[in-house]
Ligand SMILES: C[S@@+](CC[C@H](N)C(=O)[O-])C[C@H]1O[C@@H](n2cnc3c(N)ncnc32)[C@H](O)[C@@H]1O
């Protein structure tokens with residue numbers, strides 16, 4: 001992320017979350033998965049750590065919070081200290097592809113809006129090796145809600161996430177790589193608002209600040225296009241939590 005232009009960080013620094021989500025959705029995933037109190041979790045691509053904090057509050061014994069971007073982890077360290085959760089949460093600045101079972105032990109792999117960075121199948125194949133048989137995973141990822149996406153949305157995600165699939169395809173894929181599905185659900189529109197509303201406030205101010213800066217405007221326009229696309233085509237895609245148990 002450090003090669004990105006400075007305006008990118010003006011948009012994203014200090015946000016509570018970096019993908020569609022809420023504490024309520026994290027909590028729902030925890031209970032639908034049947035995660036027991038005392039699990040040892042790893043939160044892959046944790047960003048500023050909203051899910052890590054929630055897992056610790058829900059009863060995880062430990063959370064290894066992994067992200068490549070140190071400033072996100074610094075935020076998480078401050079928030080976990082503020083909430084008295086710093087003994088439970090351990091930040092690790094690392095590529096999530098490099099985490100192995102030796103970094104655990106882990107009973108639970110958690111990841112909200114980040115698995116696409118490894119590729120959905122590739123990530124879940126890799127993460128299966130982090131937990132024992134019967135071990136758990138909760139992974140949220142963008143999916144198409146239609147087999148015929150509107151052309152504008154299709155073009156946007158064709159660039160941003162070319163391997164985006166329907167939930168049905170993802171459910172078939174996880175079965176072939178050794179996970180069984182305990183449950184899955186579509187996160188609500190409140191989760192998108194929780195992500196986009198604070199960004200929109202910043203965009204409004206930054207469009208003024210950078211009105212003469214073509215490079216910054218390109219970044220701002222790309223964010224605005226994403227948010228406007230959600231308004232126009234949000235019924236055609238969503239974020240689904242896949243709640244999995246290692247089966248083989
Ligand atoms: C869309 S954000 C989601 C962050 C967080 N889970 C949330 O919901 O707020 C994806 C995160 O993955 C991180 N990331 C991307 N590739 C990564 C990698 N290979 N290893 C570790 N973190 C990675 C990014 O730095 C970013 O924080």
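Residue count for the range 191-202 satisfying the condition of being surrounded by 13 or more Cβ atoms within 10 Å (Cβ to Cβ) and under 18 Å from the mean Cα position of the chain (by Cα): 8.
Would you say residue 182 is under 28 Å from residue 122 (Cα atoms) and in a helix (DSSP H, G or I)? Against the criterion (under 28 Å from residue 122 (Cα atoms) and in a helix (DSSP H, G or I)), residue 182 does not qualify.
Restricting attention to the range 77-97 and to residues that are within 14 Å of the ligand (Cβ to nearest atom) and in a loop (DSSP other than H, G, I, E, B), the residue that is surrounded by the fewest Cβ atoms within 10 Å (Cβ to Cβ) turns out to be 95.
The residues of the range 117-141 that are surrounded by fewer than 19 Cβ atoms within 10 Å (Cβ to Cβ) and within 23 Å of residue 222 (Cα to Cα), listed by number, are 117, 119.
Pairing residues of the range 112-136 that are free of Cβ contacts under 8 Å to residues at least 40 places away in the same chain with residues that are within 11 Å of the ligand (Cβ to nearest atom) and not in a loop (DSSP other than H, G, I, E, B), at Cβ distances under 6 Å and at least 6 apart in sequence or on separate chains, gives 118/97.
Across the range 36-60, the qualifying residues are those that are part of a helix (DSSP H, G or I) and near the ligand (Cβ under 7 Å from one of its atoms), and the one among them that is surrounded by the most Cβ atoms within 10 Å (Cβ to Cβ) is 51. Counting only residues that are in contact (Cβ under 8 Å) with a residue 40 or more places away in the chain and away from the ligand (no atom under 15 Å from the Cβ), the range 61-76 holds 0 of them.
Yes/no per residue for (1) within 23 Å of residue 44 (Cβ to Cβ); (2) within 16 Å of the ligand (Cβ to nearest atom); (3) part of a helix (DSSP H, G or I); (4) within 18 Å of the chain's Cα centre (by Cα):
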position: 139; (1), (2), (3), (4): yes, yes, no, yes
position: 147; (1), (2), (3), (4): no, no, no, no
position: 155; (1), (2), (3), (4): no, no, yes, no
position: 174; (1), (2), (3), (4): yes, no, yes, yes
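Of all residues in the range 210-235, those that are closer than 30 Å to residue 173 by Cα and either under 19 Å from the mean Cα position of the chain (by Cα) or in a strand (DSSP E or B) (or both) total 4. Looking at residue 64, is it at pLDDT 95 or above and assigned to a loop (DSSP other than H, G, I, E, B)? Judged against the criteria, residue 64 is not a match. Hey, could you check the range 98-116 for residues that are in a helix (DSSP H, G or I) and within 17 Å of the chain's Cα centre (by Cα) and say which is surrounded by the fewest Cβ atoms within 10 Å (Cβ to Cβ)? Here the residue is 116.
The values are calculated or read from the model by the stated rules, or taken from the named source; none is laboratory data. Quick caveat, the model's predicted, so the values are computed rather than measured. Every residue, glycine among them, receives a Cβ derived from its backbone with ideal geometry; neighbour counts consider all protein chains shown.
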